[in-house]
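To start, the structure itself, in structure tokens.
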Amino acid sequence: MDYYKFWNMLLEEISVAPNNGERRILTFNDPRQYAGAFTQWKALKAKQPELRQVQVSPLIRAFFVPAAGAGKLMRRFADLLNVEEDLQMQIHSIANEKSGTATLPWGVKAIHAPQAWSKSTGVHVKIGIIDTGADYRHPDLKHSLASGVNLLHRGMLPLDDNGHGTHIAGTLAAAGGTRGMMGVAPRALLYPVKAFDHSGSAYVSDIVLGIDWCVQNRIDIINMSFGMKTRSKALHNVVIKAYRAGIAIIASSGNDGKRGGDYPARYPETIAVGAIDKRHRVAGFSNRGSYIDVYGPGEGVSSCWLKEGYKEMSGTSMATSHVTGAAALLLALRPGISPRELKLLLRRTASPVRLRKGQRRASLGGGAADALRLLKAGVRAKRAVSANV
């Protein structure tokens, strides 16, 4: 294959087409052809600045290219290439925000996190938050935040310009003590991966690059409080890669109030999370179904917000951060636990949710997360393994 011709064909197309920001995801059928194209791209981009628009995910051997050039490449190299649309996705929160308070939120108490802190506070567990960034100036987060990465503006801190990522970070690992807020795993380390813009939108390619970064940086758990309705082969491939690398991905199911849900939560390699309300019922807005592994508190959740503030929000996004925090408590005691075992333990130790009129338990999937029961079961499982060695 003539890789020089491949990249110059792309350059010709994008030079005459309007730049509307749309991208396509290109993968080669043969890994050796990806390697050849990658080597030629690196050599050419110093001389051809337009090629800097192209991004690459080594983990799934994919190139993200302007849509203008992808069509011609597909026609010319149809037998060698796969081309996928770079779809958009949204964060999973509901616009019912109101001011919150610096306190121990009801959700942290509902999953029995404070009772678990005598056993684990999540110390040294690395959590990747693929989201809108985080507020590095918030006093309750200053000891929890690591540098992370900004995929939208490389070289800059992943500063939050939306608020959603800061809210997730607070539930995960706020450590404000008696004067501020406490999250589920207050001594975990948070690595914000800014893939979403100020409006809470991102593309599949941004998420792929975010997971790629987490794998390269040996993150332990990834919180993904977002989704979309459509399957994506590229997204599924990178989720599988993270799973095989031993990284648990915990994902929100969506807020449509329906059976079924969004991707990536519906991929079997993720831990899918629905939301419960303050009465421990499945929240009316939460998606549900047999694929849901566990439910977390998601209604009227108070957490950290921009400008050192606090805000109350609802959504499966909020539920997911509670479950990720509980998982971090376990990983501090059981480092190296596989994503599969973590999922099984979360399902096994969940408490039954209260049913609404007309609901059947079997139609809901898992139960409500319980951090204390999770830790006790995790320690028992570790002892059983040690006794058999």
Across segment 28-57, the tally of residues that are among the polar types (S, T, N, Q), in contact with a helix residue (DSSP H, G or I) (Cβ under 7 Å, 6 or more places away or on another chain), outside any loop (DSSP other than H, G, I, E, B) and touching a residue at least 40 places away in the same chain (Cβ under 8 Å) stands at 2
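From the list S286, S290, pick out the single residue that is touching a helix residue (DSSP H, G or I) at 6+ places or on another chain (Cβ under 8 Å), of a type in the set (S, T, N, Q), assigned to a loop (DSSP other than H, G, I, E, B) and closer than 16 Å to R356 by Cβ. Walk me through it before giving the result.
On the way: S290 fails: closer than 16 Å to R356 by Cβ.
Just a single option satisfies the conditions, and that option is S286.
Do we find a residue being basic (K, R) and in a loop (DSSP other than H, G, I, E, B) anywhere in segment 247-261?
Yes, because at least one residue in segment 247-261 is basic (K, R) and in a loop (DSSP other than H, G, I, E, B).
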Taking segment 173-206 and keeping residues within 13 Å of the chain's Cα centre (by Cα), within 30 Å of L375 (Cα to Cα) and not aromatic (F, W, Y) leaves L190, P192, V193
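A quick yes/no check of all residues on (1) farther than 19 Å from Q115 by Cα; (2) buried (at least 19 other Cβ atoms within 10 Å of the Cβ); (3) over 18 Å from the mean Cα position of the chain (by Cα):
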| site | (1), (2), (3) |
| --- | --- |
| E299 | yes, yes, yes |
| K311 | yes, yes, yes |
| V323 | no, yes, no |
| A332 | no, yes, yes |
| L342 | yes, yes, no |
| D370 | no, yes, yes |
| L375 | no, yes, yes |
| V379 | no, no, yes |
Those strands (runs of 3 or more DSSP E) completely within segment 66-110 that have 2 or more residues that are modelled with pLDDT under 85, under 14 Å from M318 (Cβ atoms) and not assigned by TED's automatic domain parsing to the domain that holds M318 are none
Scanning segment 137-159 for residues that are crowded, with 17+ Cβ neighbours inside 10 Å and free of Cβ contacts under 8 Å to residues at least 24 places away in the same chain gives none
With criteria (1) at pLDDT 95 or above; (2) within 22 Å of G309 (Cα to Cα), G128 comes up short on (2)
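Could you tell me which of the residues E312, E269 is among the acidic types (D, E), farther than 18 Å from L172 by Cβ and assigned by TED's automatic domain parsing to the domain that holds H236?
Sole residue among the options that is among the acidic types (D, E), farther than 18 Å from L172 by Cβ and assigned by TED's automatic domain parsing to the domain that holds H236: E269.
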Checked V123, V184 against criteria (part of a loop (DSSP other than H, G, I, E, B), surrounded by fewer than 20 Cβ atoms within 10 Å (Cβ to Cβ) and either touching a Ser or Thr at 6+ places or on another chain (Cβ under 7 Å) or among the β-branched types (V, I, T) (or both)); the one match is V123
I60 vs (1) assigned to a strand (DSSP E or B); (2) under 23 Å from the mean Cα position of the chain (by Cα): all pass except (1)
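The values are calculated or read from the model by the stated rules, or taken from the named source; none is laboratory data. Everything numeric here is computed off the predicted structure, so don't read it as measured data. Here Cβ is always computed from backbone atoms with ideal geometry, including for glycine, and neighbour counts include all displayed protein chains.
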